[in-house]
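Read the structure below first, then the notes.
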Amino acid sequence: MTALSIGVLVTALLLILTGMYCLMRTRHIIRIILGIEVAMKAITLLLIFAGYISGKLALAQSFVITMIVAEVMVAVVAAGIAVSVYRQYGSMDLRNLTKLNG
């Protein structure tokens, strides 16, 4: 393995761990969305790296573009839910979601 390969893998691992730490340590909706985004960016980095290693970079790039589009849609919907929760309860704490009635 080259130094570049090790650097990419270590960076992706640190980004995934940062995203997971952010998911586990907070109950604030915006911070959770950001944690998911950070972890997903690390996964896209790993997909591009796998495409580079295997010689199928064009295929990996098309997967990443599709994944980014889906990720943005999920983030927009989650941000809309966060705004709705803030308007109703005055805070973005996840514990408020247990009070919702269908």
Quiz item: Roughly how many Å² is the accessible area per residue of the chain, as a whole number, for a 1.4 Å probe?
Solution: 70
Quiz item: In debye to the nearest 20, how big a dipole does the chain give about its Cα centre with +1 on each Lys and Arg Cβ and -1 on each Asp and Glu Cβ?
Solution: 300
Quiz item: Based solely on its DSSP helices, what 222 nm [θ] is calculated for the chain when runs of n ≥ 4 H residues each add -39,500 (n - 2.57) and the sum is averaged over all residues, nearest 500 deg cm²/dmol?
Solution: -29000 deg cm²/dmol
Exercise. Kindly write out, for the range 16-27 in residue order, the coupling ³J(HN,Hα) from the Karplus curve 6.51 cos²θ - 1.76 cosθ + 1.60 (θ = phi - 60°), rounded to whole Hz, with x marking Gly and Pro.
Key: 5, 5, 5, x, 5, 4, 5, 5, 7, 8, 10, 10
Self-check item: Modelled FRET efficiency - R0 41 Å, residue 50 with residue 83, Cβ distances, 0.05 increments
Solution: 0.70
Quiz prompt | the chain, relative contact order [Cα under 8 Å, separation at least 6], % | solution = 26
Exercise. Kindly write out, for the range 70-84 in residue order, the coupling ³J(HN,Hα) from the Karplus curve 6.51 cos²θ - 1.76 cosθ + 1.60 (θ = phi - 60°), rounded to whole Hz, with x marking Gly and Pro.
Key: 5, 5, 5, 4, 5, 5, 5, 5, 5, 5, x, 5, 5, 5, 5
Self-check item: Estimated inter-spin distance, residue 2 and residue 23, nm [label 7 Å along Cα→Cβ]
Solution: 3.2
Quiz item: If one computes P(r) from the Cα atoms of the chain, what percent of pairs lie at distances over 24 Å?
Solution: 37
Practice problem: Please report, as a whole percent, how much of the solvent-accessible surface of the chain comes from carbon and sulfur atoms (probe radius 1.4 Å). | Solution: 72
Self-check item: R0 of 35 Å, Cβ-Cβ distance residue 93-residue 59: FRET efficiency to nearest 0.05
Solution: 0.25
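The values are calculated or read from the model by the stated rules, or taken from the named source; none is laboratory data. In this text the structure is predicted, and so the values were computed from the model without any measurement. Positions of Cβ are generated from backbone atoms using ideal geometry, with glycine treated the same way; all protein chains shown enter the neighbour counts. Note: accessible area is taken over every heavy atom of the protein model, side chains too, but ligands, DNA and RNA are not part of it. Shrake-Rupley method; radii C 1.70, N 1.55, O 1.52, S 1.80 Å.
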